[in-house]
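In what follows, a structure is listed as C-alpha cells, so that the remarks can point back to it.
A short reminder: the numbers here are calculations on the coordinates, not readings from a lab. Remember, it's a predicted structure, so these values are computed and weren't measured experimentally. All Cβ positions, glycine included, derive from the backbone under ideal geometry; neighbour counts span all protein chains shown.
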Amino acid sequence: MNVPLSVSIVLVTYNSAAVVGDALESWARFLPEAETVVVDNGSRDNTLAIVERRGVDRVVSGHGNVGFGAGVNRGARVANGSLLLVANPDVVATAVDRDELRLLADREPVGIRGCIDARSPRALLPRRWGVRAELLWGLTTWFLVPRELHLQRPRWGRRGSRARWVPGSAFIVSREEFLVVGGFDEQLFLYFEDVDLSRRYEDRGLPIGATRAASVTHSPHSSSPREEELMTACALLSLFQYTATWEGRSKADRLAALAMRLLAALQRLGVLTARVPRLGTRAARKSASAEAVRRLLLASGADGIPPGAYADARSALALAERRRSAHSGAHQ
C-alpha cells in the first residue's frame, strides 16, 4: 500500500516579502500534500500578508525576532509531519524525488540530510574548520576581498566524514530525532547554528549527509551595508558562543580578544590606505565598517538581538575589553 508521505515544510521568515512567495509556490508545486508551517520573526514588511494569501497550514507569529534557530524550533514543535523539511525563505524547490523521500522516511535513524543544490548537485557537504580558521576566513572575506569577486569557501578542512556539517538553508530531519537532540541552540541567534546542530547529531551517532529527496536553488537578494555589518557582528558572536560550547570559555575568551585586535587593525589599515588612488574610497568604507562591527559587538542587545542570546560570547567580549582598557591605562 502506498502510504501518504508525512512531511512538514518549516520556513522562518523575517522581512522576506521579496522571496517568500516564490518559495511557497515552489514547495506547493512539488509537495502539495505537505503541511506548511511558517514562523515569522516579527517582519515589518508585508511578509505575513503574502503568507496568508498563500493559505499555508500554520502560521506562528507574535514572538518577535528570536533568531533563525529558535524560529525553526518553534515550527518543529507545532508541526505534525514525521519528517521536517526546513528551508530558508529565499530557497526555491526545483525537484522532489518522492521515492527517495519515502526511503528517507522509512530509515532509522534518519539523521540530518542536506538538500542538493540544483546548480551544483555534485557538491560535497562543507568540512568543519577550526575556530581560528573560521575567524580569519570571515574577516578576510568581509573586509579584504571585494564582494563582487564572490570568493568560494575552500574545501579543505579536518579530514574524515565526521567533520562535515549540513548547511541550514535546506535540510531534512526526523521531527522526533530533531526534538530529542534538542533542536537548534537558541543561544546562537544567527550563523553557526547549523554547524552546532550537525555536531550534536554527530555526537549522538546519528548520520550526517546529503539527500536527493529535494533539490533546491537560492533566489538572489541583496543586503544594505548596515544589514551586512549587523550580520557580520552576529556571525562573530555566534563563533565565540560556538567556541565556548565546544572548546571551552578560555578559548572563546582568546578568540574574542583576537577578533577585536584584528578589527582594530583593519580599521587602522583602512585609514592608512584611504588616500591611495583607486583604493581610497573602498578603504575608507571598509575602515568605517570594521569600526561599526566592533561597536556592535560591544553593544548590549543591539538591533533587536534578544538579550538572552550569546551569553558566553558577550562575557568573552567584556573580558577582552576590560583587558584592553587595563593595558591602555598601564601604558599612559
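Is the C-alpha gyration tensor of the range 169-253 telling us rounded, prolate or oblate? Criteria: a/c under 1.5 is rounded; beyond that, a/b larger than b/c is prolate, otherwise oblate. Note, shape of the range 169-253 comes out oblate. Sequence-distant contacts, meaning Cα pairs under 8 Å at least 6 residues apart, place the relative contact order of the range 225-330 at 35 percent. Per residue, the chain reaches -15000 deg cm²/dmol at 222 nm when only DSSP H runs of four or more residues are counted, each adding -39500 (n - 2.57). Taking Cα atoms, how many degrees apart are the long axis of helix 131-143 and the longest axis of the chain, rounded to 10 and kept between 0 and 90? Helix 131-143 and the main axis of the chain meet at about 80 degrees. Each label was represented as a point 7 Å from its Cα along the Cα-to-Cβ direction; for D22 and L136 these points are 3.7 nm apart. How big is the gap, in Å, between the Cα center of the range 22-75 and the Cα center of the range 89-138? For the range 22-75 versus the range 89-138, the Cα centre distance is 21 Å. Across the chain, Cα pairs under 8 Å and at least six residues apart give a relative contact order of 18 percent. Here r is the Cβ-Cβ distance between A95 and L144 and R0 is 41 Å; the resulting FRET efficiency, rounded to 0.05, is 0.60. Averaging over every viewing direction, what projected area does the convex hull of the Cα atoms of the chain cover, in nm²? Averaged projected area of the chain's Cα convex hull equals 18.3 nm². Toward the positive end of the charge dipole of the range 39-95, with +1 on the Cβ of Lys and Arg and -1 on the Cβ of Asp and Glu, the farthest Cα among V72, S43, N88 is that of V72.
Remark: the range 260-274, residue by residue, has Karplus-estimated 3J(HN,Hα) of 5, 5, 5, 4, 5, 5, 5, 5, 5, 4, x, 5, 5, 9, 5 Hz, where x stands for each Gly or Pro and the curve is 6.51 cos²θ - 1.76 cosθ + 1.60 at θ = phi - 60°. Axis angle, to the nearest 10 degrees, between helix 68-78 and the longest C-alpha principal axis of the chain: 20 degrees. Return the long-range amide H neighbours of I9 (sequence gap of 5 or more, or a different chain), with a cut-off of under 5 Å between placed amide H atoms. Amide H neighbours of I9: E35, T36, V37, L85.
Dividing the Cα radius of gyration by the Kirkwood radius, what Rg/Rh value follows for the range 225-330? Result: Rg/Rh = 1.02.
When the Cα positions of L136, G114, L124 are compared along the charge dipole of the range 108-147, L136 comes out farthest toward the positive end, with charges on each C-beta of Lys, Arg, Asp and Glu.
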